[in-house]
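There's a structure below that I have some questions on.
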Amino acid sequence: MRLRIKTLIVAVSVLYLALSPTLVIAEPDPDVEQLIKKADQLYRSSTSYTEIEMEIVTPHWQRTLAMYGWSEGMDRTFLRITAPRKEKGVATLRVDNEMWNYLPKTNKIMKIPPSMMMGSWMGSDFTNDDLVKESSLFEDYTFELIRPDSAIDSLLYINCIPREDLAVVWGNIVIILRESDHLPVRQEYYDEKGRLMRVMSYSNIRELGGRMIPSVLEMVPQTKEGHRTVIRYLKAEFNAELSEDTFTLRNLRSRD
């Protein structure tokens with residue numbers, strides 16, 4: 001008799017689990033730190049080479065820059081503009097926490113002080129820091145998964161909060177990723193008062209250098225009507241072989 005009762009209880013329990021419309025089995029939360037580390041390194045590896053197009057649009061003018069880029073880990077970046085003719089040869093170098101610009105018209109190398117890292121790079125809506133990746137989300141922020149009222153089920157939302165011991169310009173940054181492959185969709189930058197200051201959108205996911213990455217990034221400032229800057233990755237090589245003098249001041253003056 002007891003065996004029949006136990007069997008009946010098990011059967012009823014299984015039936016309940018199968019039919020209950022309200023039962024939800026929670027999925028484990030993703031490793032948020034690993035997601036942020038992946039976002040930091042999305043366009044980098046031990047070494048990388050890229051060919052990029054930057055379109056700058058304002059209400060009064062617009063222009064397009066072509067450039068090559070090289071990087072080594074998270075600490076070294078080199079950019080050289082190849083077109084148009086007016087800006088050809090302009091170059092930017094970052095090594096660790098130091099940054100320099102080279103202006104071929106004056107044949108001068110200018111060191112960029114830390115106070116100018118948030119300044120516009122070549123009149124675009126991207127800052128010096130954005131282009132050379134001096135700051136790191138993984139190192140400069142703490143993270144938490146959030147769920148806004150307008151959240152889409154297929155996306156993950158991560159709020160990045162500046163570490164207390166660091167002087168960071170943004171009050172917080174919200175990164176939105178696809179849940180399926182953790183590729184970024186959108187990045188929102190807020191000031192210390194919680195006001196949305198700029199939005200970066202990612203699109204046109206395709207294979208470059210053996211990786212599936214968003215090849216188009218669009219930065220739109222929220223306080224400058226009619227302004228936007230679009231970066232298009234045309235080519236990428238990861239773990240590329242780089243010359244020993246790539247990240248040197250001597251290379252800044254090179255016209256190759």
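The values are calculated or read from the model by the stated rules, or taken from the named source; none is laboratory data. Everything numeric here is computed off the predicted structure, so don't read it as measured data. Glycine gets a Cβ as well: all are built from the backbone with ideal geometry, and neighbour counts include every protein chain shown.
Of the conditions (1) surrounded by 17 or more Cβ atoms within 10 Å (Cβ to Cβ); (2) more than 18 Å from the chain's Cα centre (by Cα), G69 clears all except one; give me its number.
Unmet condition: (2).
On to the next question. Name the pairs: first residue in segment 104-115 and on the phi < 0 side of the Ramachandran plot, second residue surrounded by 10 or more Cβ atoms within 10 Å (Cβ to Cβ) and assigned to a strand (DSSP E or B), Cβ to Cβ under 6 Å, at least 6 apart or on different chains?
I109/W100; I109/Y102; M110/N101; K111/W100; I112/M99
With the checklist (1) surrounded by fewer than 17 Cβ atoms within 10 Å (Cβ to Cβ); (2) in contact with a helix residue (DSSP H, G or I) (Cβ under 8 Å, 6 or more places away or on another chain) in hand, flag the one item L177 doesn't pass.
Unmet condition: (1).
Related question: How many of the residues making up segment 138-162 are surrounded by 12 or more Cβ atoms within 10 Å (Cβ to Cβ), of a type outside the set (A, V, I, L, M, F, W, C) and out of contact with any Cys (no Cβ under 9 Å at 6 or more places or on another chain)?
Count: 4.
With respect to E139, determine if the residue is more than 15 Å from the chain's Cα centre (by Cα) and modelled with pLDDT under 95. Spell out how you get there, then give the answer.
On the way: more than 15 Å from the chain's Cα centre (by Cα): no; modelled with pLDDT under 95: yes.
For E139, the condition - more than 15 Å from the chain's Cα centre (by Cα) and modelled with pLDDT under 95 - is not met.
If the requirement is being within 26 Å of A66 (Cβ to Cβ) and free of Cβ contacts under 8 Å to residues at least 60 places away in the same chain, which of these qualifies: I231, I205?
Numbers: I231 fails: free of Cβ contacts under 8 Å to residues at least 60 places away in the same chain.
None of the others qualify; the one that does is I205.
Suppose we filter A151, A91, A83 for residues that are of a type in the set (A, V, I, L, M) and over 21 Å from Y233 (Cα atoms); which single one remains? Working first, answer last.
On the way: A91 fails: over 21 Å from Y233 (Cα atoms); A83 fails: over 21 Å from Y233 (Cα atoms).
None of the other options fit; the residue is A151.
In addition: For E53, all conditions in the list (1) modelled with pLDDT of 95 or more; (2) in contact with a Pro (Cβ under 7 Å, 6 or more places away or on another chain); (3) among the acidic types (D, E) hold save one; what is the number of the exception?
(2)
Going through P113, P84 one at a time, which residue ends up being out of contact with any Leu (no Cβ under 7 Å at 6 or more places or on another chain) and at pLDDT 95 or above? Before the answer, list the steps.
Details: P113 fails: at pLDDT 95 or above.
Just one listed residue meets the conditions, P84.
Do we find that M110 is buried (at least 19 other Cβ atoms within 10 Å of the Cβ) and among the aliphatic types (A, V, I, L, M) in this structure? Reasoning before the result, please.
Details: buried (at least 19 other Cβ atoms within 10 Å of the Cβ): no; among the aliphatic types (A, V, I, L, M): yes.
In short, no.
Condition test on E33, is it in a strand (DSSP E or B) and either surrounded by fewer than 17 Cβ atoms within 10 Å (Cβ to Cβ) or at pLDDT below 95 (or both)?
Working: in a strand (DSSP E or B): no; either surrounded by fewer than 17 Cβ atoms within 10 Å (Cβ to Cβ) or at pLDDT below 95 (or both): yes.
Against the criterion (in a strand (DSSP E or B) and either surrounded by fewer than 17 Cβ atoms within 10 Å (Cβ to Cβ) or at pLDDT below 95 (or both)), E33 does not qualify.
Applying the selection to segment 233-255, what residues are farther than 27 Å from R211 by Cα and among the β-branched types (V, I, T)?
T248
Return the total of residues in segment 75-93 being touching a residue at least 40 places away in the same chain (Cβ under 8 Å) and surrounded by fewer than 16 Cβ atoms within 10 Å (Cβ to Cβ).
Selection size over segment 75-93: 0.
Of the numbered conditions (1) surrounded by 10 or more Cβ atoms within 10 Å (Cβ to Cβ); (2) under 24 Å from I109 (Cα atoms); (3) modelled with pLDDT of 90 or more, T47 fails exactly one; give the number of that condition.
All conditions pass for T47, except number (2).
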